[in-house]
């Protein structure tokens, strides 16, 4: 008899089971999981185009020379320039215009100061980050987020990506099976961030059409809390999570709504968690778009009678700096030392690595940062105008945006054209998992009708992937209606043209992507 095999935990087995039934995971695996050479490139024109994940490479092409040079510095050169106070100012005349780095030759013994090296090769002075990144982020938040009260280094924690930060915050402020309240639609990554390890659930509240980002949204959240109280729902709500700028709708919350959320959090004894990861990715898009307002710029105690110790701000390196792969997250908590101590007690697994710490600090302290942020906004605006001109040319409805890397597109007129193949796809379970869909003033549609529309959305997603383009399906963002997809426009223009061309073929539309790209240059 062969020896018995080891067993996975119940949690891991549950995750595998949920993943195996998820149409989203199936589409993602087909997009990312087959082989390294499956993505589109000029040398692999049949590869798939990823226009679904929020990644911004525009800075590489709109402002390459200084910014790419900073990103491509080696660890030793970064440390040397930091130590000598010349990062961002030193110029190598051999750096090419396309951003290719030719490192300035420095003697090895001149590159790294021993004290600086020791700080980066050990655990340093804090589990939550280095003194260097604390100072750089404090200065950045104070300069760009208009805080009512100065952000100090002691108010900041960092992590190896924003997802691990959310996971650890959830474990600190919530117990397993507690829930966070989220207004739908919301970023689909929150499911894994909250549920996979911390086992915190999402209580999703459908917001009436056209009411996201308004006081009516907060009223819908209030109605859900009242319903739970009235019906004696045992599950405890511990936090409300608000994303501004919004993902996937691409708008900024106005000041009065943020103040009302602070009142709401205080009334129900909730933490107010603000995800502001797209704060500096606000561009000239929707003419009616609102400017970004940080929760740091609001005196919640004076204006909302909210204890400021309830407020947590989340930020990261990935979006505004186009550096998803470097894995850098940050949190600001100005008024709760007990929370910061609790976070530090579990923070070792999420500690930011020294290379990311060095790189992000260098970017934040570079004199070229204001120019980069301005150029990045301009690049996002140009890409948005191109993709929305394409949508308008095909009479495809979309949600106007002025922030983020994407636009939410209404494909409902096209998904019905796709023939369902239930024998091939098999049964489809709910896509979100660990999510409680709350009743709201938006009402509930007929379950049978909803299931049929959901299956059509899945079929359309698979049709897109078959054609070589991946978009973010609306069901994964808890969109109240089937048929919406998130289209990322901050990818390379050549790839975006290919993606739009493939969408045209799937939908039976005339070819306009290449022609419009000439009218709206990158």
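The values are calculated or read from the model by the stated rules, or taken from the named source; none is laboratory data. Quantities reported herein were computed from a predicted structural model and do not represent experimental measurements. Quick reminder, even Gly has a Cβ in these numbers, built from the backbone with ideal geometry, and neighbours come from all protein chains shown.
Has the range 238-246 got at least one residue that is surrounded by fewer than 22 Cβ atoms within 10 Å (Cβ to Cβ) and either outside the structural domain of residue 213 (by TED's automatic domain parsing) or in contact with a strand residue (DSSP E or B) (Cβ under 8 Å, 6 or more places away or on another chain) (or both)?
Checked the range 238-246: at least one residue is surrounded by fewer than 22 Cβ atoms within 10 Å (Cβ to Cβ) and either outside the structural domain of residue 213 (by TED's automatic domain parsing) or in contact with a strand residue (DSSP E or B) (Cβ under 8 Å, 6 or more places away or on another chain) (or both).
Is it the case that residue 317 is free of Cβ contacts under 8 Å to residues at least 60 places away in the same chain, crowded, with 22+ Cβ neighbours inside 10 Å, within 22 Å of residue 372 (Cβ to Cβ) and in contact with a strand residue (DSSP E or B) (Cβ under 9 Å, 6 or more places away or on another chain)? Working first, answer last.
Details: free of Cβ contacts under 8 Å to residues at least 60 places away in the same chain: yes; crowded, with 22+ Cβ neighbours inside 10 Å: yes; within 22 Å of residue 372 (Cβ to Cβ): yes; in contact with a strand residue (DSSP E or B) (Cβ under 9 Å, 6 or more places away or on another chain): yes.
Criteria met by residue 317.
From the list 228, 310, 302, which one is buried (at least 17 other Cβ atoms within 10 Å of the Cβ) and more than 24 Å from residue 162 (Cβ to Cβ)? Spell out how you get there, then give the answer.
Numbers: 310 fails: more than 24 Å from residue 162 (Cβ to Cβ); 302 fails: buried (at least 17 other Cβ atoms within 10 Å of the Cβ).
One residue alone meets the criteria, 228.
Of the residues 391, 331, 408, only one is outside the structural domain of residue 245 (by TED's automatic domain parsing) and not in a helix (DSSP H, G or I); which?
None of the others qualify; the one that does is 408.
Within the range 209-222, does at least one residue satisfy the condition of being surrounded by fewer than 21 Cβ atoms within 10 Å (Cβ to Cβ) and modelled with pLDDT under 95?
Yes, because at least one residue in the range 209-222 is surrounded by fewer than 21 Cβ atoms within 10 Å (Cβ to Cβ) and modelled with pLDDT under 95.
Identify the single condition in (1) in a loop (DSSP other than H, G, I, E, B); (2) modelled with pLDDT of 90 or more that residue 274 does not satisfy, given that it satisfies every other one.
(1)
Kindly provide the set of residues from the range 288-298 that are in contact (Cβ under 8 Å) with a residue 60 or more places away in the chain and outside any helix (DSSP H, G or I), ordered by number.
Residues satisfying the conditions are 288, 289, 290, 292, 294, 298.
Only one residue in 164, 183 is assigned by TED's automatic domain parsing to the domain that holds residue 351, buried (at least 24 other Cβ atoms within 10 Å of the Cβ) and outside any loop (DSSP other than H, G, I, E, B). Which one? Give the derivation first.
On the way: 164 fails: buried (at least 24 other Cβ atoms within 10 Å of the Cβ).
Selected residue: 183, the only one of 164, 183 that is assigned by TED's automatic domain parsing to the domain that holds residue 351, buried (at least 24 other Cβ atoms within 10 Å of the Cβ) and outside any loop (DSSP other than H, G, I, E, B).
Take the range 155-174 and flag every residue that is out of contact with any helix residue (DSSP H, G or I) (no Cβ under 6 Å at 6 or more places or on another chain) and either free of Cβ contacts under 8 Å to residues at least 40 places away in the same chain or more than 16 Å from residue 329 (Cα to Cα) (or both).
Those that are out of contact with any helix residue (DSSP H, G or I) (no Cβ under 6 Å at 6 or more places or on another chain) and either free of Cβ contacts under 8 Å to residues at least 40 places away in the same chain or more than 16 Å from residue 329 (Cα to Cα) (or both): 171, 173, 174.
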